[in-house]
Amino acid sequence: MSKLLEIALGLVTGIGGFLEAGSLATSAQAGAEFGYQLIWAIALGAICIAFLVEMGGRLAAVSHHPLPDAMRERFGIRFFLVPLVAVALVSFLVLASEIGGVCLALQFTTGVAFRWWALPVSAALWLFLWKGTFGLVEQGASLLGLVTLSFVVGALKLHPALHQVGAALLPSLPTHDPAKYWFMAVSILGASVSPYLFYFYSAGAVEDDWDEGYLGINRVVAGLGMTFGGAVAVAVLVCAALVLHPRGIQVDRYEQVPFLLTEPLGRWGFRLFAASLAVACFGAALEIALLLAYLVAQGFGWRWGENLRPRHAARFALVYTAALLLAGLVIVTGLDPLKLTIFSMALTALSLPVTVMPLLVLMNDPDYLGDRTNGWLSNAAVLCVSVVAAVVALVTIPLQIFGS
Amino acid sequence: MELGREVLDQQVIDARGVPMGKVDGVILELRPGEPARVAGLIMGGTTLLWRIHAGLARWVERRLGGEGHVTRIPWHRVLKIGVDVKVDVEAQASPASHWERWVRDRIIGRIPGA
C-alpha cells in the first residue's frame, strides 16, 4: 500500500474514531453550560492523546511487542495487575457507555426505550467481531464515522465568531460554578485521553505488522488524526454553545441533546445527529471490546488476533464475547447512559497516571526502543496532563457527587 | 543473563510459532557445593498465583488438590530468547493449551461460525 494511502486511512481513522459517546457528551455539556470557554480542554486533550498514540505506534513498530505484553514483561506480573485492572475496568464502563449511546440513537429515531435495544446492539457488535477482520473494524468503522463531520457543517452554518473560538484555546478562569467548570474540564480530558485509544492503536500496529519504516507515517497520522478528531469535538462544543447556551438549556438529560443540529441543519439535523451518535458509538464499542480481548490475551500470552477464526483464538474470542454481553446487561438495567458516560470519563481522568505511566517508562527504556526513546517534550507533556487531570478529578468528583 | 529481566514474564512461542503462554516461573536446581542452575521454565496452573499472593495460591491448591495444569519446559528445549522465548515443544500436545482447548471445545466451538 502506498504511504499516501496509509496516511489518508490513518487520518480517516483519527477523524472518524475520535468522537464517541464520551467526547460527544462532555463537549455538548461544556458548550451548553460554559459557551466556548472550555475549548482549551479539548485542545489540551487532543495534544496529549496525539503524543500517546504516537508512542503506542512507535513501541509496536520498534519493539514488535504489543503494549500489554511489554508491560507484563518489563514490570512483572504483580505490578502489571494494577494497570491491567485499571484499564479493563475503565474500558468496560466506557464500553457500556458506547452501547448506551447507540441505544439512545435508536430510541431517538424509533421511540422504543433505549434499554430494549441494549442486547440487540450487543449482539450486532459481537457479530461484527465474530465474523469480521481487523481491517473491517478499523477502516469500516472509521469510514462510517465521517458522518460525524456533520457537526463541523452544523457549527460552520451557525457562523461562530472565530476570534472568540480561537481565544478559548487558552485556558481561562470560570465566571460561575467553578466546581462544575473544573469537573467538566477533567471529563473532557478523560474523554479525549481515553486509554483505549492508544492501547487499541498499538495493538493494531502489531496486527498490521509494522516495522521502523512506519515511524514517519505513525507520526503524521497521530498528529494530524488527533488534531482533526479534536476539531470535530470542538465543533460539537460550538454547536452546543450557540444552540443550547443562549437558551439556558443545560445538558443534564439526554433527551435535550438531539436538538443540537436541528437549528443549523433543519429536519436533516435530527437524523444526522442520530446517525452520528449511533455510528460513532458503534465504532468505539467495537474497538473497546477488541481492546479488552487484546489486553487480557496479550497480558497472559494467549493466542490472539482479530484475523484468526474464533476457534483458533478461543479465549481471545471469549473475552470480547463476555465483555459485550456484560456491558449490554449494564444498559438493560435502565441506568442513564448520559450519567454513566460522564462518570466513566471522570474516572478515566482519575486513572490516567496508572494507565499512562507504565507506557512512559517503557518509552524511555532503550531495551525496547533502542535509540528511538522519547524526547523530553513528549514525556513532560503527557506527564503533566495526566497528573494534573488526576488531581483535579480527585478534587472535583466528590464535589460533583455530594454537591448535587 | 538476568533471569528476572530477560526470561520471566516473557511470551513463550512453541515450535510451530503459536503463542502458548508466558514464562510464569523459572525452575532452579540447587546443587550442594555448587551454584544453582536453571533447570527450566514453568508456566500455567497456580505458578503465577504464587508470585501474586502466596496465601491465595496455597488456598487455591488446597481447593484444587494440586497445582492445576502446569507445563514444565526443560532448559535444553529452550531454543532462543529474543523478543519472545522460542521453545521446542508443541503447544497442542502440552498442558499449556488445556484451557484454550477447553474454552474452544466447550464454549466458542459450539457457537455457529466459529
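The values are calculated or read from the model by the stated rules, or taken from the named source; none is laboratory data. All figures in this text were calculated on a predicted structure; none of them were measured in a lab. Don't worry about glycine lacking a Cβ; one is built from the backbone with ideal geometry, like all the others, and counts go over all protein chains shown.
Does A:Gly305 qualify as being in contact (Cβ under 8 Å) with a residue 12 or more places away in the chain, surrounded by fewer than 20 Cβ atoms within 10 Å (Cβ to Cβ), within 14 Å of chain B (Cβ to nearest Cβ) and at positive phi? Yes; evaluated as a whole, the condition is true for this residue.
Scanning region B:56-86 for residues that are under 30 Å from A:Leu369 (Cβ atoms) and within 12 Å of another protein chain (Cβ to nearest Cβ) yields a count of 5.
The residues on offer are B:Val83, B:Val70, and the sole one that is closer than 20 Å to A:Arg72 by Cβ and modelled with pLDDT under 90 is B:Val83. Only one entry of A:Phe80, A:Phe92 meets the criterion of being part of a helix (DSSP H, G or I), within 14 Å of another protein chain (Cβ to nearest Cβ) and in contact (Cβ under 8 Å) with a residue 24 or more places away in the chain, and that entry is A:Phe80.
Identify all residues within region B:46-55 that are more than 11 Å from chain A (Cβ to nearest Cβ) and either of a type in the set (Ser, Thr, Tyr) or in contact (Cβ under 8 Å) with a residue 40 or more places away in the chain (or both); write none if there are none. Passing the criteria: only B:Thr46.
One residue stands out among those in region A:308-319 that are touching a Phe, Trp or Tyr at 6+ places or on another chain (Cβ under 7 Å) and free of Cβ contacts under 8 Å to residues at least 60 places away in the same chain: the one that is nearest to the other protein chains (Cβ to nearest Cβ), which is A:Arg315. Taken over region A:280-311, the residue count meeting the criterion of being of a type in the set (S, T, N, Q) and not in a helix (DSSP H, G or I) is 1.
Restricted to region B:8-30, and to residues there that are surrounded by fewer than 19 Cβ atoms within 10 Å (Cβ to Cβ) and in contact with a strand residue (DSSP E or B) (Cβ under 8 Å, 6 or more places away or on another chain), the residue that is nearest to the other protein chains (Cβ to nearest Cβ) is B:Val26.
Residues that are on the phi > 0 side of the Ramachandran plot and either within 12 Å of another protein chain (Cβ to nearest Cβ) or touching a Ser or Thr at 6+ places or on another chain (Cβ under 7 Å) (or both) are absent from region B:87-109 altogether.
Yes or no, residue by residue, for (1) at pLDDT below 90; (2) within 15 Å of B:Val87 (Cβ to Cβ):
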| site | (1), (2) |
| --- | --- |
| B:Leu3 | yes, no |
| B:Pro19 | no, yes |
| B:Ala36 | yes, no |
| B:Gly44 | no, yes |
| B:Ala54 | no, no |
| B:Glu61 | no, no |
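Restricting region A:55-86 to residues that are in contact with a Gly (Cβ under 7 Å, 6 or more places away or on another chain) and surrounded by fewer than 24 Cβ atoms within 10 Å (Cβ to Cβ), the residue that is nearest to A:Asp367 (Cα to Cα) is A:Val62. The single condition from (1) part of a helix (DSSP H, G or I); (2) in contact (Cβ under 8 Å) with a residue 60 or more places away in the chain that B:Val89 fails is (1).
Which residue out of B:Ala36, B:Ala57 is surrounded by fewer than 12 Cβ atoms within 10 Å (Cβ to Cβ), touching a Leu at 6+ places or on another chain (Cβ under 9 Å) and among the aliphatic types (A, V, I, L, M)? After ruling out the rest, the residue left standing is B:Ala36.
The set of residues in region A:221-266 that are part of a helix (DSSP H, G or I), in contact with an Asp or Glu (Cβ under 9 Å, 6 or more places away or on another chain) and β-branched (Val, Ile, Thr) comprises A:Val221, A:Val243.
Kindly indicate which of A:Ala275, A:Ala297, A:Ala322, A:Ala284 is touching a residue at least 24 places away in the same chain (Cβ under 8 Å) and either at the interface with another protein chain (Cβ under 10 Å from one of its Cβ atoms) or surrounded by fewer than 24 Cβ atoms within 10 Å (Cβ to Cβ) (or both). Exactly one residue qualifies, and that residue is A:Ala275.
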